[in-house]
Every structure is written in structure tokens, then in C-alpha cells.
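The structure appears right after this line, and notes come after that.
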Amino acid sequence: MNLEQIAGIAHAPDGDPAGVVVLTHGAGGSREAPLLKKICDEWAARGWLAVRYNLPYRRRRPKGPPSGSAKADQAGVVEAIGVARELADGPVIAGGHSYGGRMTSMVIAEGLADIDVLTLFSYPLHPPGKPERARTEHLPRIATPTVFTHGTADPFGSIDELRPAAALIGARTEVVEITGARHDLGSKALDVPTLAVDAAIRLLG
């Protein structure tokens, strides 16, 4: 399998990569999401090869949310991590925005892929307005250092809800708060890619 088969795009650094980063999109998005592009550009500027890719449900249709495709999408995460490992030596960092991050976290919880750091952007702790429907049951099975980059105005989960959820993970975690940001992590005051990449690199140490 190669980049084209996972609908992936690589951001290459100058010189030999220090490692590889593999990121995917949220439920309504694609690999073309502006957030993914900016984060991959930041990783490439730091000397890493960064890949942004489409999940299987997005490869099947250009628009619309996933529907009953979680298992197939998790298989797509496993494939993408495998492709990335063939592209560069060094550590592997994987994750994604919202649904894509959740799918990646479930793959890691089940031991279906081995990575060095998990990086989650706007992790969807629960559907908006429905905190009783927590999406945290698999988090205690994650033994990989994990970064949560999260807006303080995210309707899918508050910072106060996120911190105890992050504590369920049996490895080092870091919560990067983006003040005032909603689920898209848009911020005029903070450099989200820089903060997220800094945190992931700290967890590699």
C-alpha cells in the first residue's frame, strides 16, 4: 500500500526526516482541512515528514459524515500508519481532528498499531449537549503518551471534562488549552500548530 491508496498527501522537510507524523480529519472534513494543512506544515518545518490522509468513508464519498463505518475507518488508520512507517525512519506520531482522532485513539487502545505519541485535536468527549454519552470507555487501555489540543469553548467537551478523561490514560498526557476556541480550534491569539507540535515533542523526550 502507498500514499495514493490511502488518499494521503505528504509534507516533506528539508533533508532527512526526524520521524513521521500521520494525521486525519474530522467527521465533516477531509485531508484538505485547513487545520491539518497548518499542522503538517509546522511538522515539516521542524524536520519531520507529515502525512494527512482521508479515512475510508471519505474516500467513498466526497461529502457527508461517517455512518456505521467505524471499523472500516479504524482499519484505514492502521493502513495509514503502516504506509507512514515505510516512508521514513524514526518515531511515529499519529492522530487527528475530532472523529479522526477518536478512531486513531481506538486503534491504539486495541493494540492494532504501535506509535510513539498520540496527538488528538478537539477530541469529541461526547455529542454536544449530551455529556451522559461519554466517549471515554477505551481511554484506560491507551498506554501511549497523548496530547489533547482542545478549545475552551468546544461544545463536544469542556476543559473541565477533558482533564479527568485524559487522566484515564496509562501514560504521560498533556492538555493544550486553546482559549476561546471552539471545535475547529480557530484562534487569532494563539498559534495552535506550534503549541500542539511543541507538546508532542515534549512527550517524545
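So here's what we get for this one:
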read-out: For Thr119, distant residues with modelled amide H under 5 Å away; value: Ala94, Gly95, Gly96, Val147
read-out: Karplus 3J(HN,Hα) series, Hz, for segment 79-87 with 6.51 cos²θ - 1.76 cosθ + 1.60 (x for Gly, Pro); value: 4, 5, 5, x, 4, 4, 4, 7, 8
read-out: Under the Karplus curve 6.51 cos²θ - 1.76 cosθ + 1.60, θ = phi - 60°, whole-Hz ³J(HN,Hα) for segment 146-160, x wherever Gly or Pro sits; value: 9, 9, 10, 9, 9, x, 6, 10, 6, x, 8, x, 7, 4, 5
read-out: Convex hull projection area averaged over all views, segment 4-203, Cα basis, nm²; value: 10.1 nm²
read-out: Cα centroid of segment 78-142 to Cα centroid of segment 6-52, whole Å; value: 15 Å
read-out: Built amide H within the under 5 Å cut-off of Gly19, gap 5+; value: Leu49
read-out: Karplus 3J(HN,Hα) series, Hz, for segment 182-187 with 6.51 cos²θ - 1.76 cosθ + 1.60 (x for Gly, Pro); value: 9, 5, 7, 6, x, 8
read-out: Of all accessible heavy-atom area on the chain, the percent that carbon and sulfur account for (1.4 Å); value: 52 percent
read-out: Placed amide H near His11: partners under 5 Å, 5+ positions off or other chain; value: Ala50, Val51, Arg52
read-out: Mean separation of Cα contacts under 8 Å, 6 or more apart, over the residue count of the chain: relative contact order %; value: 18 percent
read-out: For the chain: accessible area per residue (Å², 1.4 Å); value: 43 Å²
read-out: Set of lysines with alpha-carbon distance to Lys37 below 27 Å, sequence-local pairs under 8 removed; value: Lys63, Lys71, Lys188
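The values are calculated or read from the model by the stated rules, or taken from the named source; none is laboratory data. It should be emphasised that the depicted structure is a prediction, and the values quoted were computed from it without experimental measurement. We work out accessible area using only protein heavy atoms, side chains counted, and drop any ligands, DNA or RNA first. Shrake-Rupley method; radii C 1.70, N 1.55, O 1.52, S 1.80 Å.
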